[in-house]
Amino acid sequence: MRVRIVKKEYLNEDLLVKFYKYLDDKQIEIVNIIDDADIMITLGGDGTILSAAQEILEKDIPILAINMGSLGYLADVKLEESFSMLDNILLGKYSVEKRHFLEVKKNDEIFYALNELVIAKGGLKSKLINVEVYSNERFINKYRADGIIVSTPTGSTAYSLSAGGPIIHPELSALSITPLSPQSLTARPIIVGGDAKLSFKISSRDDDVHMDIDGKMNYKIEEKDVIEATLSTKTLTLIKPENRDYFKILREKLKWGDLY
């Protein structure tokens, strides 16, 4: 088996001595090009997966995401679990979970986000922006705010959650729209179906609006630009431990039920 390894920046290599020895003992080859790999292994947190996700668009292979970070909603496999996980992968005994990308179109350019599209004002000194949101050409709402977040179910536990958005189970075909610091107290997040083709009309008094893809790519938006977003048929495949409970992960990460 050949693996492509993607690591978070500044990872302590001393923690991986046993891991590399295991790969060597099992004759698992490390390759540098995604086209040569059978699976990808990420060593880090969810941000490492976001970086690796753009490579997965080139070749759809499964990812074993080993948590060397902090929260780890996606990267929920502990380093000590990785050896038994890889043993089972070599035997073809593993389960997978599919996560859909968000397809974002800016004029004639297409981008893919695993977590979210953010349309926001340029900075602290920028003016509030106006964002009209449409679903399949039907008007949803006009937000006067710092911006909006369009999130996939995967991204619903990321930036969107911090902004007060809902958690969406990853098996659902849906998108959430969450305003960022809206001027109106009645502006609330909304969930739309996964078949919705969202479009946006954007304006600001100082012409300082940007769109951000997964916190990795940022582009300035002009008022004349056509921005659209829809749930893509492209997916990221995560290798998961058997009997891994999504709700248990939420309880652990969000500290549900803990007394403060």
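The values are calculated or read from the model by the stated rules, or taken from the named source; none is laboratory data. As the structure is a prediction and not an experimental result, all values here were calculated from the model. Virtual Cβ from ideal backbone geometry, glycine too; neighbours counted across all protein chains shown. Just so you know, the surface numbers come from the protein's heavy atoms only, side chains and all, with ligands and any DNA or RNA stripped out. Shrake-Rupley method; radii C 1.70, N 1.55, O 1.52, S 1.80 Å.
Quick notes on this structure:
- Cβ-Cβ contacts under 7 Å between residues 6 or more apart (or on different chains), taken from a first residue in the range 244-260 that is assigned to a helix (DSSP H, G or I) to a second residue that is open to solvent by 80 Å² or more (accessible area, probe 1.4 Å) and modelled with pLDDT under 85, are listed as Leu250/Trp256; Lys253/Leu71.
- Candidates Tyr112, Tyr94, Tyr134 - the one that is surrounded by fewer than 22 Cβ atoms within 10 Å (Cβ to Cβ) and at pLDDT below 95: Tyr94
Here's the yes/no breakdown for (1) of a type in the set (Ser, Thr, Tyr); (2) within 25 Å of Tyr246 (Cβ to Cβ):
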| residue | (1), (2) |
| --- | --- |
| Tyr94 | yes, yes |
| Glu109 | no, no |
| Gly122 | no, no |
| Ser135 | yes, no |
| Asn141 | no, no |
| Ser162 | yes, yes |
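- Which numbered condition Ile41 misses (of (1) open to solvent by 50 Å² or more (accessible area, probe 1.4 Å); (2) assigned to a strand (DSSP E or B)): (1)
- Number of the exception - Ile119 against (1) surrounded by fewer than 22 Cβ atoms within 10 Å (Cβ to Cβ); (2) out of contact with any Lys or Arg (no Cβ under 7 Å at 6 or more places or on another chain); (3) of a type outside the set (Gly, Ala, Ser): (1)
- Enumeration of residues in the range 174-189 that are assigned to a loop (DSSP other than H, G, I, E, B) and not polar (S, T, N, Q): Pro182, Leu185, Ala187, Arg188, Pro189
- Top-ranked residue in the range 151-171 [being in a loop (DSSP other than H, G, I, E, B) and under 25 Å from Asp208 (Cβ atoms); ranked as least open to solvent (accessible area, probe 1.4 Å)]: Gly165
- Checking the stated criteria, Thr178 turns out not to satisfy the condition of being under 20 Å from the mean Cα position of the chain (by Cα), more than 26 Å from Ile66 (Cβ to Cβ) and exposed (fewer than 15 other Cβ atoms within 10 Å of the Cβ).
- For the condition touching a strand residue (DSSP E or B) at 6+ places or on another chain (Cβ under 6 Å), within 19 Å of Leu71 (Cβ to Cβ) and modelled with pLDDT of 95 or more, Leu236 qualifies.
- Boolean, Leu71 is in a loop (DSSP other than H, G, I, E, B), surrounded by 14 or more Cβ atoms within 10 Å (Cβ to Cβ) and not basic (Lys, Arg): yes
- Hey, Tyr20 touching a strand residue (DSSP E or B) at 6+ places or on another chain (Cβ under 6 Å) and aromatic (Phe, Trp, Tyr) or not: no
- Residue ID - farthest from the chain's Cα centre (by Cα), chosen from residues in the range 201-239 that are buried (at least 18 other Cβ atoms within 10 Å of the Cβ) and among the charged types (D, E, K, R): Asp212
- Exclusive hit being within 21 Å of the chain's Cα centre (by Cα) and within 13 Å of Leu236 (Cβ to Cβ), set Ile66, Ile41, Ile61, Ile5: Ile61
- Those strands (runs of 3 or more DSSP E) of the range 190-242 in which 1 or more residues are touching a helix residue (DSSP H, G or I) at 6+ places or on another chain (Cβ under 7 Å) occupy 227-240.
- Selected residue (only one of Lys253, Lys197, Lys216, Lys248 is touching a Ser or Thr at 6+ places or on another chain (Cβ under 8 Å) and at pLDDT below 90): Lys253
- Here Arg188, Arg144 are screened, and the one residue that is surrounded by fewer than 20 Cβ atoms within 10 Å (Cβ to Cβ), basic (Lys, Arg) and more than 25 Å from Lys224 (Cβ to Cβ) is Arg188.
- Tally of residues being without any contact (Cβ under 8 Å) to a residue 40 or more places away in the chain and assigned to a loop (DSSP other than H, G, I, E, B) across the range 58-68: 2
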